[in-house]
Structure formats: C-alpha cells, structure tokens
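One structure is given below, encoded as structure tokens.
The values are calculated or read from the model by the stated rules, or taken from the named source; none is laboratory data. Source: prediction; values computed, not measured. Here Cβ is always computed from backbone atoms with ideal geometry, including for glycine, and neighbour counts include all displayed protein chains.
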C-alpha cells in the first residue's frame, strides 16, 4: 500500500493506493503562497493522517509535485510563479524522511505526468498506445506516453516531454495555457472576472472557442511529430471543455479526450 499526495496550486488531494484502488481519499485546501515551513507542515499533516488511518503496512509515500523539481534528489526548484515558491531550494526528502517508519520509501514525480499516466493506463486513454496529455490549470503540464509509460526522449518527444517552456506567442506556452493565460485571453473578449470559476456568458463562450483554436494550433504539430493517436485534456480548465473542446478538436489531427478518473488519476498514475 502506498500513500500518494497530489500537490496542487490550492489543495492537496491524497489517498492510500492498493491494487489499483484508492482508499481514504481526501482533499486538503492550503495556501500555496505561504512560506516553506507552513507548506511543509501541511504535507506532514496529510502524511500523518494517512498513516493513522491505514489498515496495513505502508511501503512507500509518493509526492506528485509540480515542477521545476529535482525528482531524484527531492529538491524543489519552483520559482517565479505564484505557488510553492516558499519551498524553493528545500530538500523535501530530508524534511519528510524522518516522518516515515523504517523501510518505508519516499519518491517524487511530476504531478502532470502522474495524472496523464493514470488516465493512459486506467482511464480514458486505455485504448491508445501513443498519446500526448496536457493538464490545464495553475500551470501547463504535459507528458508523452507510449504503452502506458511516460517517455521523455525519442522521436517526436518535444521539450523532454515538458511543453510549458516551449516558445509561444512571444513568450512561453505556460503563459498562454494556464489559468492566468486563459483569464488574460478572455479579457480581450470583455471578461472582467478574477478567477476561472466566474467564466460564463456569451463573451466568454466566444473567447473559450478562440482559446480552443489556439491550443489546437499549439498541439497539432506536436501530435503529428509524435504520431499520437489521441490527445488527453486534463486539469481544472478541462471543466470548460464543452466550450473550447469543439474548436480544439477541429484543429487536431487526432481525437481529443477528457479524463475519466477525476482526482484519482494522479494517485493511480503515481
């Protein structure tokens, strides 16, 4: 049995994973803009809660964590964004290791890759051998998958599998295909809200359709180069797929799908 934490920009979703089943799922809201000590205290609290509730031995604790991050060493490298900067330079392996009993492992991996792998192996992507997945939320995550496994190099694998830093519209893709990028895009269509939860109405519908076209323009050559059989669209912005999905699909050479596993996808993928 493993304890898995999916670290998000406003909440931590977690559970105990055993035989492809998630037990004790929970969602803990927290302030990702807080100082490192405060954020680390939340991580520790969630891990302790699962140990207290576990009915059986825990072999490993896994953190599906946003990057940039040194996943081998367990060092957070996030900076220059509005979340988790308080952890910059912190050795989370050293900080969390003493919380674990002898023999319990500690592993770190990319949160977007975990969610996409979960959907590829157990969810919407199961019928497909080759796919590209993206997560649209606080940041722009991605993964290239072959036969249910994330690949970071090979024919058609762009950016080492991470697309957020690729050049786009005079900046990088993360600036266009994240929550803040979507909000900025919609303001050109008259949207005056401050969060994606406020998006509705005719102006937003036009703006979202245009956003779908833009995302399709970005992903289409990547899908062709990788010989992808589908594109998976995950993350909070995927909740608006009915508004931007048709325009996206029109631009892509392969089908586009949303996830089937919800918040369990990164837990299973990890």
Could you grab me the full set of residues in the stretch 146-186 that are assigned to a strand (DSSP E or B), within 22 Å of residue 244 (Cα to Cα) and touching a helix residue (DSSP H, G or I) at 6+ places or on another chain (Cβ under 6 Å)? 168
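Look at residue 182 and say whether it is over 23 Å from residue 69 (Cα atoms) and either under 13 Å from the mean Cα position of the chain (by Cα) or touching a residue at least 40 places away in the same chain (Cβ under 8 Å) (or both).
Numbers: over 23 Å from residue 69 (Cα atoms): yes; either under 13 Å from the mean Cα position of the chain (by Cα) or touching a residue at least 40 places away in the same chain (Cβ under 8 Å) (or both): yes.
Spelling it out, residue 182 is indeed over 23 Å from residue 69 (Cα atoms) and either under 13 Å from the mean Cα position of the chain (by Cα) or touching a residue at least 40 places away in the same chain (Cβ under 8 Å) (or both).
Give the residue that is nearest to the chain's Cα centre (by Cα), with candidates limited to residues of the stretch 75-108 that are in a strand (DSSP E or B) and within 11 Å of residue 61 (Cα to Cα). Break it down stepwise before answering.
Taking the stretch 75-108 and keeping what is in a strand (DSSP E or B), we get 75-76, 91, 105-108.
So of that shortlist, the ones also within 11 Å of residue 61 (Cα to Cα) come out as 105-108.
On the way: 105: 23, 106: 20, 107: 17, 108: 14 Å.
Checking each candidate, the answer is 108.
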Got a sec? Which of 106, 131, 77 is under 19 Å from residue 270 (Cβ atoms), outside the structural domain of residue 163 (by TED's automatic domain parsing) and in contact with a strand residue (DSSP E or B) (Cβ under 8 Å, 6 or more places away or on another chain)? 106
Any idea which of (1) surrounded by 22 or more Cβ atoms within 10 Å (Cβ to Cβ); (2) in contact with a strand residue (DSSP E or B) (Cβ under 9 Å, 6 or more places away or on another chain) is the one residue 159 doesn't satisfy? (1)
Mind checking whether some residue in the stretch 250-258 is in contact (Cβ under 8 Å) with a residue 40 or more places away in the chain, within 21 Å of the chain's Cα centre (by Cα), within 26 Å of residue 160 (Cβ to Cβ) and not in a helix (DSSP H, G or I)? yes
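What are the residues in the stretch 24-72 that are in a strand (DSSP E or B), without any contact (Cβ under 8 Å) to a residue 40 or more places away in the chain and surrounded by 13 or more Cβ atoms within 10 Å (Cβ to Cβ), if any? It would help to see each step written out before you state the result.
Filtering the stretch 24-72 down to residues in a strand (DSSP E or B) leaves 24-29, 60-65, 69-70.
From what's left, without any contact (Cβ under 8 Å) to a residue 40 or more places away in the chain: 24, 26, 28-29, 70.
Matches in the stretch 24-72: 24, 26, 28, 70.
Specify which of the listed residues (235, 139, 216, 212) is closer than 19 Å to residue 258 by Cα, modelled with pLDDT under 90 and either assigned by TED's automatic domain parsing to the domain that holds residue 80 or buried (at least 19 other Cβ atoms within 10 Å of the Cβ) (or both).
Residue meeting the stated conditions: 139.
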